[in-house]
Structure formats: C-alpha cells, structure tokens
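Scroll down for the structure; my scribbles are underneath it.
The values are calculated or read from the model by the stated rules, or taken from the named source; none is laboratory data. Keep in mind that this is a model prediction, so the values were computed, not measured. Glycine also receives a Cβ, built like all others from the backbone with ideal geometry; neighbour counts cover every protein chain displayed.
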Amino acid sequence: MARPRVLVLGGGFGGLHAARRLRNEDVDVTVLERGTSHVFQPLLYQCATGLVSEGSIASPLRHLLRKQKNVHVALGEATSVTAVGDGSAGDGGVVTASRFDGSTFELPYDYLVVAVGMQQAYHGHDEYVQWAPGMKTLDDALAIRRKLISAFEMAESLPTPEERRPWLTFAVAGGGPTGVELAGQIRELATRALAKEFDSIHPSEARVLLFHGGDRVLESFPDSLTKKAQRTLDAVGVETHLGVHVTDVTATDVEVTAKAEPKTVTRYDTHTVLWTAGVEAVPFVKQLADAMGVEQDRSGRIAVQPDLSIPGHSNVFVVGDIMSLNKLAGVAEVAMQGGRAAGAAITADLSDSARKDFKYRDLGTAAYIARGHALVQAGPLRMSGFLGWVSWGVIHIAFLAGNRNRVGTLINWAATLATGTRRERAITYGDPETARRPYN
Ligand SMILES: Cc1cc2nc3c(=O)[nH]c(=O)nc-3n(C[C@H](O)[C@H](O)[C@H](O)COP(=O)(O)OP(=O)(O)OC[C@H]3O[C@@H](n4cnc5c(N)ncnc54)[C@H](O)[C@@H]3O)c2cc1C
C-alpha cells in the first residue's frame, strides 16, 4: 500500500504540532500555509508597539521543519475541498489552493488536518477594517505600529494642542487580553519610550481609551485577578469604559454607545482606532463545513468528535481555534495539544490500534497588563503583580519558536527595561502606492 498522504492546512500552533507529531511515522506530510512563517501571536502586540521585531516572533516554517524528512511545506491558501468516498479513515479528498499570483493547484490527501485559525471579526461592519486594524497577523501588527508611530510624529509637527489632540488619542475596542495588553503598551510607549525624544509634544499626554462591552475587562480570568488588573490599568493611565459598544469608526473619530438605557452615544476625535473585539473563523472553514455537510457555530467553529475528527469523516480532523469541543478556549495550548492528538489518531490508524479521546491538560492562562504587572492562572494557582509578570515572561520565552528568537527577545526586553527605549519602531508603507500617503 502507498504511504498515506497527510495534508495539514495552516502552519500555526495546531498545524505545526500535528506535523511534528508525525515525524517518525510512515506517512508523507504536506503543510500548506498561506504565509511563509509560523507566527507567535501572543507577542504580536509587542511587535506593534516597538518592543520586539517582527523577525523574532515569526519563524520561517521551512526552517522550523527542515529536519523532518517526511514533511513538504507548500505556500498557498486553501480555497476549497472535495471529499471522496464515504468519509471512512483511508478515504481521501482533494484541496484546491491558490498561489500568490492567483493561479491554483491541487493537493490530494488521505488524511486532512485543518488548523487554519480565526480572523478578526467586525460583526457586520467590515468597512471598519480600513480605519481600525485588528490584531491577528503580522500585517496587522505592522499596520498598528505604523499608525501609532505616525500619530506621534504627526502630533509633533502640529502647532496647537487642539490640532494635536486627535493624534494623541488612541482608542482600543475590546477589553479581552489583546485589548488590555495593547492599551497598556501604548501608554508605556508614550510615557517611557517616547517621553524623552519629542520636543513639541509631551507624549505622556497621550490618551488611551479602552472600550469594552462587559462589566469588567479580562472576563476569562477570576474576578479577584481582574480587579487587580483594572487597578494597574488605572494607575498607568488607561481610561477604561465598560458596558459600551463601538458603533461607528471613521478616519477621524470613533462612536461608542452605552449598552444600558438611555443608550448614550459619545464620539471621540481620534485618528487611531484599534480593533480587538471578537474573532471568527477564516473563510475557508465555511468551504470545509459545506463540503463535509456539517454546521458551524456563531463564530464559525466546527464541532468535532472526541478524537477531533469531523462527524461522518473520520479522516478529517479540525484542531485549534476553529475546533469546537467542550467549550475549550481559543488558546495556543489547546491548538498545540489538539494538533498532537490528531497526529496520534492517524498513527493509531496506521497500527490498527484504537484512537484515544482527546483529553486537554489545562496548563493555565496569562495576560500582560503593564511593566511589572501580569496575571497568571494555572489550576488553583493565581498570580498577579511582579510575580505574575516574571512568570508571564518565562512562559512566553519558553513557547517562542527557536533559540535565536528566544535570545533576541530576551535582549530586547532587557534593553527596554534598562533604558526605557524601544528600538523596533521602523515603519514601512507596504507598497510604493501606499507609501505616498503614509498617514492613512
Ligand atoms: C494578539 C493575540 C494574543 C494572544 N495571546 C495568547 C496568549 O497569551 N496565550 C495563549 O495561549 N494564546 C494566545 N492567543 C491565542 C493563540 O495565538 C491561538 O489560540 C493560536 O494561535 C491558535 O492556533 P491555531 O493553529 O488554531 O491557529 P493560528 O495560530 O492562527 O494558525 C493558523 C494558520 O493558518 C494559516 N491559514 C489561514 N487560512 C489559511 C488557508 N486558507 N490556507 C492556508 N493557510 C491558512 C494562517 O496564516 C496561520 O498561520 C493570542 C492570539 C492573539 C491574536
């Protein structure tokens, strides 16, 4: 019998760990990824605020998998899938993918592991994306860096406080970990890194507005930890507005509406709105659901069986953020363990053994609030303040891909701690056309 072909879609946490789990198996693995790198999303906000370089949080996928002889990396975006047979293990199918230039190619598979992740959700207002970039990709992080640095530079060049004010007002939509981390970092960028370098403006006057629909930020953490986080946000000068929804975004302002009656509407003049309020499955997941005859939930996730396969298709696995199982959160550890479990299920099939049910081992969650303050929760263990901050650092360094990235990130953190400055502030404008109008 020919070696089974395992096609892994996505080179994020789930896809990378699925491929690695099959390292010693008698299979041919192809990893299809639309970008060239495995991106460490948990540090995207530090890249956006000039603390770490894009290179230290994005590792070339080919490099990461170079020693694994049964893996081939393909660059392309999966656009559709056709299943063949009745979906039993061993049945196959074909995924169609597009290259950078729009041409297409086909990848046949015997087993399919889908780990394509989520994208930022704008809840029916995709037009906001032009003014309010999200925080899911390297492009998002660099777009945010461009907006932040450009806003400070614009303010520096303007003669009156009235003209400067909208450039020094920064609005963040969404009070989950990403929104909180971003808001805290913008204040730190303004008050520490840039404070000594500007002449006309005093960057410490930068106003950071954090809008959140719930009645407390960081709702996935226990109440006691969130209260501490809120006190830290207040102390560093982030203005938190709870119980409000962002209801309009333009080039020059943001509108928020209170959820409670009388639903007061407020507009703030700002050129910088950043969006972290919700995620949804990337478009390919709908193609997959339609092809496999299964439903998606409100965020586009697909419900899987205990072995992480799609009901009726035991050769197709869904892992990571797009997997719906026992209300597991969309975090890196779920994706990594899920990827390994899908690999283990394929391995079990090859040796005619029974597949094991996926059992998630919860290693905890962490969120950075500000310099010297982070939250960590692992089982009954709860940490905040300085201890939480040190633990947060150790966890993130441990999970970064590659020793070079670990060392580079540690050096950058140490330099910023020692001097207060942030060196990764270079901005680019994408292509020659956009470079002509950099302040959009
Ligand atoms: C800003 C931010 C901070 C976070 N912080 C933390 C944290 O502190 N701790 C934590 O545990 N988790 C954190 N997370 C969540 C964590 O990053 C995700 O849970 C994890 O990345 C999910 O892994 P995944 O493999 O499902 O998807 P991803 O890591 O998103 O990988 C999906 C991959 O699929 C590729 N792809 C998408 N569509 C296609 C297609 N059609 N064809 C080919 N390739 C495709 C993408 O380019 C991407 O590389 C954070 C996420 C964000 C955005």
Would you tally the residues in the range 182-200 being among the polar types (S, T, N, Q) and assigned to a helix (DSSP H, G or I)? 2
Pick from the range 310-322, criterion touching a helix residue (DSSP H, G or I) at 6+ places or on another chain (Cβ under 6 Å) and within 13 Å of the ligand (Cβ to nearest atom), ranking: nearest to GLY300 (Cα to Cα): ILE322
When only residues in the range 398-420 that are in contact (Cβ under 8 Å) with a residue 60 or more places away in the chain and over 29 Å from GLY15 (Cβ atoms) count, which is surrounded by the fewest Cβ atoms within 10 Å (Cβ to Cβ)? GLY420
Condition check: touching a strand residue (DSSP E or B) at 6+ places or on another chain (Cβ under 8 Å), among the hydroxyl-bearing types (Ser, Thr, Tyr) and within 21 Å of THR178 (Cβ to Cβ). Does SER299 satisfy that? yes
The listed residue being more than 16 Å from the ligand (Cβ to nearest atom), closer than 26 Å to GLU181 by Cα and in contact with a strand residue (DSSP E or B) (Cβ under 6 Å, 6 or more places away or on another chain), out of THR264, THR270, THR250: THR270
Subset of the range 100-146 (residues that are within 16 Å of the ligand (Cβ to nearest atom), in a helix (DSSP H, G or I) and either among the charged types (D, E, K, R) or at positive phi (or both)): ASP139, ASP140, ARG145
Test result for ARG34, within 15 Å of the ligand (Cβ to nearest atom), in contact (Cβ under 8 Å) with a residue 24 or more places away in the chain and either charged (D, E, K, R) or surrounded by fewer than 19 Cβ atoms within 10 Å (Cβ to Cβ) (or both): yes
With (1) at pLDDT below 95; (2) more than 13 Å from the ligand (Cβ to nearest atom); (3) surrounded by fewer than 20 Cβ atoms within 10 Å (Cβ to Cβ); (4) assigned to a loop (DSSP other than H, G, I, E, B) as the list, and GLN68 as the residue in question, which single condition is left unmet? (1)
Selection status of VAL256, within 30 Å of THR49 (Cβ to Cβ), more than 16 Å from the ligand (Cβ to nearest atom) and aliphatic (A, V, I, L, M): yes
Could you list all residues from the range 90-99 that are assigned to a strand (DSSP E or B) and either away from the ligand (no atom under 12 Å from the Cβ) or surrounded by fewer than 24 Cβ atoms within 10 Å (Cβ to Cβ) (or both)? ASP91, GLY93, VAL94, THR96, ALA97, SER98
Scan the range 279-299 and tell me whether some residue there is within 26 Å of the chain's Cα centre (by Cα), of a type in the set (S, T, N, Q) and either away from the ligand (no atom under 16 Å from the Cβ) or farther than 30 Å from ALA83 by Cα (or both). no
Give the range 177-211 a look and list any residue that's among the hydroxyl-bearing types (Ser, Thr, Tyr) and at pLDDT below 85, or say none. SER200, SER204
Do any strands (runs of 3 or more DSSP E) lying entirely in the range 212-319 carry at least 3 residues that are surrounded by 19 or more Cβ atoms within 10 Å (Cβ to Cβ), at pLDDT 95 or above and of a type in the set (A, V, I, L, M), and which ones are they? 244-249
Give me the pairs: first residue in the range 341-353 and surrounded by 24 or more Cβ atoms within 10 Å (Cβ to Cβ), second residue among the β-branched types (Val, Ile, Thr) and at pLDDT 95 or above, beta-carbon distance under 6 Å, and six or more apart or on different chains, which are they? ALA342/VAL113; ALA342/VAL319
Where VAL84 falls short, out of the listed (1) surrounded by 18 or more Cβ atoms within 10 Å (Cβ to Cβ); (2) away from the ligand (no atom under 14 Å from the Cβ); (3) modelled with pLDDT under 95: (1)
Cβ-Cβ distance below 6 Å, separation of 6 or more or different chains: which pairs start in the range 358-370 with a residue that is free of Cβ contacts under 8 Å to residues at least 40 places away in the same chain and end on one that is in a strand (DSSP E or B) and within 11 Å of the ligand (Cβ to nearest atom)? ALA366/VAL376
Filter the range 37-56 down to the residues that are under 20 Å from GLY420 (Cα atoms), among the hydroxyl-bearing types (Ser, Thr, Tyr) and near the ligand (Cβ under 8 Å from one of its atoms) and list them by number. TYR45
Determine which member of the set TYR128, TYR111 is crowded, with 21+ Cβ neighbours inside 10 Å, under 28 Å from the mean Cα position of the chain (by Cα) and over 19 Å from PHE211 (Cα atoms). TYR111
Taking the range 1-24 as the search range and keeping residues that are aliphatic (A, V, I, L, M) and outside any helix (DSSP H, G or I), which one is surrounded by the fewest Cβ atoms within 10 Å (Cβ to Cβ)? MET1
Go through the residues of the range 210-217 one by one and say whether even a single one is within 16 Å of the ligand (Cβ to nearest atom), under 22 Å from the mean Cα position of the chain (by Cα) and of a type in the set (Gly, Ala, Ser). no
Considering only the range 183-196, I want to know if a residue exists there that is of a type in the set (Gly, Ala, Ser) and over 30 Å from SER220 (Cα atoms). yes
